[in-house]
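Student: Please find one structure pasted underneath; my questions will follow.
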Amino acid sequence: MKEVAIDLLSALDWLVLFYFLVLNTSYLMLVLAAARQAGHSLRRGPTSNYDDIFANPATPAVSVVMAAYNEEACVVESVRAALGLRYPEFEVIVVDDGSSDRTFERLRAEFDLAEVAPAVDPDVGTLGAMRSMHASTTDDPLVVVRKVNVQKRSDAINAGLNVAQYPLVCCVDADSILEADALLRVVEPFVDDPDRVIATGGSIRAINGSPVYRGQIGEPQLPRGWLARIQVLEYLRSFLLGRSGWSGFGGLLIISGAFGLYRRDALIDIGGFDTDSLAEDADATIALHRRAIERGDDYRIVFVPDSVCWTEVPSSRSDLARQRRRWSHGLFQVMSKHRRVIGNPRYGRVGIVAMPYYLLFELLGAVVELVGVAAVVLGLALGVVSIDFAILFAVVAIGFGIAVSLSALLVEEVIYHKYRSWPDLLRLVAACLLENLGYRQLHAWWRLQGLADAFGNREPEWGEIHRAGFAAEQPAPQPPR
Amino acid sequence: MTIRTAFEIALLVLSLTLPLMFATLGFLKLSREWRSRRYDQLVEETRPLVMAALDAPTSIDLSGRHGAAAETIAASLLPQLRGADRDNLANLLEQGGMLPQARQGLRSRRAARRQRSAELLGAAGNRRAAAGLAKMLDDRDGEVRQTAARALGRIGDPLSVPPLLDALDRKRVSAHTVSMALLRIGSAGAGELTIALASDSPRVRAVAADTTGALGLIAAVPTLEDLLTDENHTTRISAVRALGRLGVPTATPTLIRRLQHELVVPSLTFDDDYARALITSLGQIGERSAIPVLEQSLMRSYRLSSAAADALSEMGARRAQHSNHESLDSEDRRTSDSVPSEMSGETRDGVASTVAQSRTPQGNNLS
């Protein structure tokens, strides 16, 4: 009996080892691919293209759609940041998704809103009825749509999409701040390759702790709490370098809901954002891939790493847990909805590489990670694994994780260099260690819970994420370089 | 190999790699700070040299490390300068050898060097490089081709118009980049642009239409009116936009006819973008005869009615300005006073509230 257990555990160990090897190697490859692309841009030197995009009357106008639900703490700063974007022609559409706080009142007071007739012929269906529409009577190109909340962010974005007047639609979160030239940068692929590009996404960074003054972010600083600091590192590795790597490969599956730019007609073509999905951003990106491939279009979906959106990340454990459970649940929904694509050669790299990768490593990663830990614990209990082997296993697993995070940090230091002080760098190094000593295991547990919710068909917990608002005390911030 | 051996090898690799990574991170940070301090110091020392070059470039000695730094600073300043200042700095770079090197760089095997060279030569407005840059519109690297097209625009030589349009036709360079280059070249290229309006290529026709409108080439109005029924969607919209920008009142009847036609076509063939462009252009031209069809548009979809409200608002604002009552600030534009008085009372009240949505595009800044 014991021999069978030993054989089983040994096989499991090999499996887990192989899995970790492939997972971490793929992370490293994505980081290296992103570094290669960033290095390519550096070698090409500064470009005058952004000035040309700004000056050219032929630059496509953009509708910035911002969904807001109980965002009174930061909505005015976010809207001000959007209105202050350096871009030739755009409008900002805020969809107040049935907020119960003073989100709308703050906007009305700040931008002198006046009610207008909401005669909208919807291009995409919405669940929550539109209650009223308001326009700024200051000189700002701002429209505020008030609608009934149905606890679906995608429904609010769809309501904004119906009101959007321009050929490109930029979706941003109301708890986010775009850098002043973010729109110019994220639109560049559209103007350079207008026949093929259907969507672009910018990078997302954590704003907690950084000063904001009149809608502009100052010198970026790391958040105070370790939970938020670890997320800085996580966003850097996964949202910046990971997506950059996938984009270069032609397999970008997620354009973050916090900052994405789409051709309006392409979004309408897929029926807008799926209101049944908890990961509507990933769902929309995959739907765009599918639609284009099924029609035989020559198309591109591009990630623009130097176009930056700063967003407030959860700073409490309960908020973070709820967010990650929802993400995991949402990813399951997306994989389930688009299961025909997984492994299907008809969908090229998206079907053969990207979707299977997301299934095996992003969705099921938590299961394997916890199975690996459980196998070692079980082995210890049965006496088939020695204590020194268990320590060896843990050290190697943690060491690999640290190496991947450090490689991401190296790329950040060489290419982007957003955090300039030595203390911030040292804190990020410490976050590399802490991430693998507790956070990662906790994260895997939350993802597993999300998966269990999905299997059990349970409703996700929504609840509000506590917003601290932006730190606005800095009188004269330095723009990030 | 046992599982333990595999883990031990992994541990060995990690124990070598991790310290190396920590050390590299620290080294990179230190070296960045050192380079940054050194560069700041050099900039401080050489700034007077560069400023002096703006007035008298021949008096500057470019030998030594300060000369090299001055060149770097001058090159970074070039894109922000125009006229005599730019010429003086460009002369400084010509004497120092940076521009001749860049012209050599156009033939480099490395795409990054070709691109950097093209960028610098464009910023310097270096006419001697125009022929080489025109050849680069066929470069195998897409980014290099785009940069070459931008550089040709900044140099402003009208002889560059045909190669730019040719590159556009063959999809070697994007329409956006070519249109900006043509705008920078300006009315010196008007002759070629007028010919391009009749090109066989819809891409060329569309860009030529947009550019003639932005450059104010009134002579192109009859051809632009013909393009309103072009078979190509983009060209039609470009022609409409151009007529709106030109603001020639004689185009109004044709635009009204096209809009009336659009408003009665079956919904399947209805072209929303085209109709919106027509409405916007009628508002820009501002003729009273357009008011009935704009009122009619107010009763259509949100996107059309909003555009019509904007157009009527713009017409009212312009009329009020024209009447010299008082200067209109942005707030006044959104009151009922800014709605044309010729409108029927009911529509006038309705539009007065809808007008509040009128969007004010940020001014384009052609620098």
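The values are calculated or read from the model by the stated rules, or taken from the named source; none is laboratory data. Bear in mind that the values here come from a model prediction, so they are computed numbers and not experimental data. Cβ atoms come from the backbone with ideal geometry, glycine included; neighbour counts cover every protein chain shown.
Student: Got a sec? Which of A:183, A:236, A:168 is touching an Asp or Glu at 6+ places or on another chain (Cβ under 8 Å) and modelled with pLDDT of 90 or more?
Tutor: Checking each option against the conditions leaves just A:236.
Student: Look at residue A:388 and say whether it is among the charged types (D, E, K, R) and more than 25 Å from the chain's Cα centre (by Cα).
Tutor: yes
Student: Test residue B:14 against the criterion of being assigned to a helix (DSSP H, G or I), touching a helix residue (DSSP H, G or I) at 6+ places or on another chain (Cβ under 8 Å) and at the interface with another protein chain (Cβ under 10 Å from one of its Cβ atoms), and give yes or no.
Tutor: Judged against the criteria, residue B:14 is a match.
Student: Turning to a different aspect of this structure: Taking segment A:13-61 on its own, how many of its residues are of a type outside the set (Lys, Arg) and more than 30 Å from residue A:377 (Cβ to Cβ)?
Tutor: So the count comes out to 30.
Student: Now, a different point. Among the residues of segment A:441-462, are any farther than 30 Å from residue B:14 by Cβ, part of a loop (DSSP other than H, G, I, E, B) and modelled with pLDDT of 85 or more?
Tutor: yes
Student: Looking for something touching a Leu at 6+ places or on another chain (Cβ under 6 Å), at pLDDT 90 or above and under 18 Å from residue A:79 (Cβ atoms) - is there at least one such residue anywhere in segment A:147-158?
Tutor: No, segment A:147-158 contains no residue that is touching a Leu at 6+ places or on another chain (Cβ under 6 Å), at pLDDT 90 or above and under 18 Å from residue A:79 (Cβ atoms).
Student: Do any strands (runs of 3 or more DSSP E) entirely within segment A:23-139 hold 3 or more residues that are more than 13 Å from chain B (Cβ to nearest Cβ), and if so, which?
Tutor: A:62-68, A:90-96
Student: Among the residues of segment A:413-432, write down those that are in contact with a helix residue (DSSP H, G or I) (Cβ under 8 Å, 6 or more places away or on another chain) and at the interface with chain B (Cβ under 10 Å from one of its Cβ atoms).
Tutor: A:413, A:414, A:417, A:422, A:425, A:428, A:429, A:432
Student: Let me ask you something else. In the list B:151, B:124, B:198, which residue meets the criterion of being surrounded by fewer than 22 Cβ atoms within 10 Å (Cβ to Cβ) and at negative phi?
Tutor: The conditions single out B:198.
Student: For segment B:174-192, check the following and say yes or no: at least one residue is away from chain A (no Cβ under 12 Å) and among the basic types (Lys, Arg).
Tutor: No, there is no match, as no residue in segment B:174-192 is away from chain A (no Cβ under 12 Å) and among the basic types (Lys, Arg).
Student: Quick one: is residue B:45 over 23 Å from residue B:117 (Cα atoms), assigned to a helix (DSSP H, G or I) and at pLDDT below 80?
Tutor: Yes.
Student: Among B:239, B:214, B:206, B:220, which is the only one that is of a type outside the set (D, E, K, R), buried (at least 19 other Cβ atoms within 10 Å of the Cβ), touching a Pro at 6+ places or on another chain (Cβ under 8 Å) and in contact (Cβ under 8 Å) with a residue 24 or more places away in the chain?
Tutor: B:214
Student: Run residue A:343 past the list (1) crowded, with 18+ Cβ neighbours inside 10 Å; (2) outside any helix (DSSP H, G or I) and report the number of the one that doesn't hold.
Tutor: With respect to (1) crowded, with 18+ Cβ neighbours inside 10 Å; (2) outside any helix (DSSP H, G or I), residue A:343 is out only on (1).
Student: For the subset of segment B:17-55 comprising residues that are touching a residue at least 24 places away in the same chain (Cβ under 8 Å) and either in contact with a Lys or Arg (Cβ under 6 Å, 6 or more places away or on another chain) or over 26 Å from residue A:413 (Cβ atoms) (or both), which member is farthest from the other protein chains (Cβ to nearest Cβ)?
Tutor: The selected residue is B:55.
Student: Among the residues of segment A:74-95, count how many are surrounded by 18 or more Cβ atoms within 10 Å (Cβ to Cβ) and closer than 23 Å to residue B:301 by Cβ.
Tutor: 6
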